[in-house]
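Accompanying notes for the structure given below.
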């Protein structure tokens, strides 16, 4: 079978993005902690996933944001650039608009609190629960962290157990440790 | 009925599953050079219509009909003389696919797709088989049983 030439494929993806009709554009970026799937809607960054296999993630994106989900690399260039700067140690805060549709109520509140935990510091599940006015919800906060749609930019790696243990991370504990080490200056990621 | 086949997949999956077949189809209709422009136009039209789809059945047949329509428009631009094989215009000025789509509306879906692609767009049975995800023989059978059903209804 004749396959579509790469240049034509790229041209179509860009043209599709330029129509403004895409609900979500995504691409997979290589980073020092492995490939990440990055996705943006017209409102902003809506997903970062440690699972670089787009097949699973596009289904979930389609359910939340609409079916017109397409890989369109240039659309995530801003995200890619800010992440590169972050991993280089040149960026401590992200200037990206976020799209948190699909996360409402308590989850939304917690994620907004999470966004304010500063670079290089850690907080606990318990304190986030307390700040949100629900001190008994530490476990629920853990679940919300686990389902964080935009890890790294929403820094759930900065949330640890009350005894200082790392507890868990959607991308695996090794990555959590790596990100914390990067932020504390204990590590230069090549 | 398989639920999975009915859900509309993310556009990325639809595109990835159909781009090569659509491109090959357009190359056969228009030649390599013009197929490239028609390819982009086909999937842009598909993107525009995508969120209006009610189910995900026969998406390949759907995008093949778009591709064939785009190719017909291209053909009309290049060969404005009436009766050119590809544009399929008939005496009442409605393109063949429009007439046949209307006639075939009540056929079961697979038969309808086969009849429309065969008689509305003049696709070969092997293309129709590719469009419907079945064999050439199955496409021939679906079209002929669709035509029999239409004939019974019209007489």
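For the reader, a short list of remarks on this structure follows.
- Some residue of region B:32-54 being modelled with pLDDT under 95, at the interface with chain A (Cβ under 9 Å from one of its Cβ atoms), in a loop (DSSP other than H, G, I, E, B) and surrounded by fewer than 21 Cβ atoms within 10 Å (Cβ to Cβ): yes
- The criterion of being in a loop (DSSP other than H, G, I, E, B) and surrounded by fewer than 15 Cβ atoms within 10 Å (Cβ to Cβ) does not hold for residue A:170.
- Inside region B:8-27, residues that are in contact (Cβ under 8 Å) with a residue 24 or more places away in the chain and surrounded by fewer than 17 Cβ atoms within 10 Å (Cβ to Cβ) make up a count of 1.
- Search result, residues across region A:58-71 that are surrounded by 23 or more Cβ atoms within 10 Å (Cβ to Cβ) and free of Cβ contacts under 8 Å to residues at least 40 places away in the same chain: A:58, A:61
- Residue, nearest to the other protein chains (Cβ to nearest Cβ), within region A:2-20, restricted to residues that are more than 30 Å from residue A:111 (Cα to Cα) and touching a strand residue (DSSP E or B) at 6+ places or on another chain (Cβ under 7 Å): A:16
- Scanning region B:22-31 for residues that are at pLDDT below 95 and facing chain A (nearest Cβ under 7 Å) turns up B:24, B:27.
- Selection from region B:5-15 of residues that are more than 16 Å from residue B:132 (Cα to Cα), more than 7 Å from chain A (Cβ to nearest Cβ) and either outside any loop (DSSP other than H, G, I, E, B) or modelled with pLDDT of 90 or more (or both): B:9
- Residues of region A:4-54 that turn out to be surrounded by fewer than 21 Cβ atoms within 10 Å (Cβ to Cβ) and under 21 Å from residue A:176 (Cα atoms), as a count: 12
- Against the numbered list (1) under 19 Å from the mean Cα position of the chain (by Cα); (2) within 14 Å of another protein chain (Cβ to nearest Cβ), residue A:68 comes up short only at (1).
- Residue identified as over 15 Å from residue A:37 (Cα atoms) and within 14 Å of the chain's Cα centre (by Cα) among A:85, A:121, A:104, A:93: A:93
- Residue, nearest to residue A:101 (Cα to Cα), within region A:21-37, restricted to residues that are outside any loop (DSSP other than H, G, I, E, B) and within 14 Å of chain B (Cβ to nearest Cβ): A:24
Conditions (1) in contact with a strand residue (DSSP E or B) (Cβ under 7 Å, 6 or more places away or on another chain); (2) crowded, with 19+ Cβ neighbours inside 10 Å; (3) not in a loop (DSSP other than H, G, I, E, B), marked per residue:
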| position | (1), (2), (3) |
| --- | --- |
| A:75 | yes, yes, yes |
| A:79 | yes, yes, yes |
| A:83 | yes, yes, yes |
| A:90 | no, no, no |
| A:110 | no, yes, yes |
| A:136 | no, no, yes |
| A:163 | no, no, no |
| A:176 | no, yes, yes |
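- The requirement of being modelled with pLDDT under 80 and touching a helix residue (DSSP H, G or I) at 6+ places or on another chain (Cβ under 8 Å) is fulfilled somewhere in region B:133-150, by at least one residue.
- Every condition in (1) closer than 23 Å to residue B:17 by Cβ; (2) more than 14 Å from chain B (Cβ to nearest Cβ) is met by residue A:53 except one, and the failing one is (2).
- Among the residues making up region B:28-43, a single one is within 19 Å of residue A:71 (Cα to Cα) and without any contact (Cβ under 8 Å) to a residue 12 or more places away in the chain: B:40.
- Annotation for region A:149-157: at least one member residue is surrounded by 21 or more Cβ atoms within 10 Å (Cβ to Cβ), touching a residue at least 40 places away in the same chain (Cβ under 8 Å) and part of a helix (DSSP H, G or I).
The values are calculated or read from the model by the stated rules, or taken from the named source; none is laboratory data. Predicted, not measured: the structure shown is a model, and the values here were computed from it. Here the Cβ is made from the backbone with ideal geometry for all residues, glycine too, and neighbour counts use every protein chain on show.
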